[in-house]
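Worksheet: one structure, shown below.
Every number in this text was worked out from the coordinates using simple rules, so none of it is lab data. Just so it is clear, the model here is predicted, and its values are computed rather than measured. No Cβ is skipped: glycine too gets one built from the backbone with ideal geometry, and neighbour counts run over all protein chains shown.
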Amino acid sequence: MALSEKKREAIKRKLKSQRGPKGQGVHAPKAIEAAYFKDLSKIVLKTAKAVKTEIGPLLKKAERDYVADAARPEVQVKAALDKIRKQLQKDLDTIAKKIAARRMAETEKYHKAQFIEDLNTAIGVNLAEIVTDEGIEAIVRAQTRASVSLIKDLPRKQLRRIESIILQGLENQTAAFNIQAQLIEATGIDVRRARLIATDQIQKLTGNLSKTRQNNLGIKHYIWRDVGDAAVRPDHQKRNGKRYAWKDRPIPGEPVRCRCVASPDYSDLKIAS
């Protein structure tokens, strides 16, 4: 780290005070989580709309045929669902890659800016020049791949759930209105899953970016900080305010829906001699 003598002396003084300064850490960006959730919700709602358009008329016909004891349209329903699957899969890979790449890149950009701001505030000197991107690209690329897989799996699971509801309804001669009500409820489940994916993936990336950027500065320890509300896991509440090594697992943001933050312990900070 090529720093001026003035900056090195300022850092040394700060590190000696109060056993070294502690940063606030970087929280997952809520605005990007919300945008990511909106992206995924569109996929879920598009799938639900296609089902309503293609399957709705078949369910109404099936209800009339219950009385006539005619053959039920299971074959037509499966054919319609296969058609929907093919339509959705046509561009899904491209769409998933575009969404994931955009939101992961936005998160990385946000994280870097917030990380530098936190570092500068804690030390009292502008140290943007010592923040490197070593290892960052690999982390973003890996999280993007994971997100693409989850995005592509979202409509697949949704259609499997839909098919089960419809075929079970036809088997039991359930009224079309009641089957539609179950499908609406199922859509709610998939929307909630979309929210989970969006939140969890951004939080995981944020946690791993914090680990890498801190490690790049020689920071091997952090203070675990929870968000202080009723939704915090009991075991994470116990970790709050305690010092941990980055080599230990889990790290903040790693467990599903973990909103905790790693506040850097800058007493580990390496500076040029």
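Quick rundown of the values:
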{"read-out": "Where labels lie 7 Å past Cα in the beta-carbon direction, separation of Arg192 and Ala142 in nm", "value": "3.1 nm"}
{"read-out": "Computed label-point distance, nm, for sites Asp133 and Lys90 using a 7 Å Cα→Cβ extension", "value": "3.7 nm"}
{"read-out": "HN-Hα J in Hz across region 221-232 - Karplus 6.51, -1.76, 1.60, θ = phi - 60°, x for Gly and Pro", "value": "10, 8, 9, 6, 10, 8, 8, x, 10, 5, 7, 5"}
{"read-out": "About the Cα centre, charge dipole magnitude for region 30-219 (Lys/Arg +1, Asp/Glu -1 at Cβ), debye", "value": "500 debye"}
{"read-out": "Which listed pairs, of Lys38/Lys61; Lys97/Lys211; Lys38/Lys247; Lys38/Lys220, have C-alpha distances above 30 Å, in listed order", "value": "Lys38/Lys61; Lys38/Lys247; Lys38/Lys220"}
{"read-out": "Dipole of region 150-273, positive direction: furthest Cα of Ile189, Ile223, Thr206, with charges on the beta-carbon", "value": "Ile223"}
{"read-out": "Percent RCO, i.e. relative contact order, over the chain, from Cα pairs under 8 Å lying at least 6 residues apart", "value": "32 percent"}
{"read-out": "Axial C-alpha extent at least 18 Å, average Kyte-Doolittle at least -1.0 - helices from the chain (DSSP)", "value": "30-68, 74-123, 136-171, 176-216"}
{"read-out": "Sum of side-chain charges, Phe37 neighbourhood, beta-carbon under 14 Å (Lys, Arg +1; Asp, Glu -1)", "value": "+4"}
{"read-out": "Counted charge near Phe177, where neighbours are those whose Cβ lies closer than 10 Å (Asp, Glu -1; Lys, Arg +1)", "value": "0"}
{"read-out": "Computed [θ] at 222 nm, helices only, for the chain once each DSSP H run of length n ≥ 4 contributes -39500 (n - 2.57)", "value": "-24500 deg cm²/dmol"}
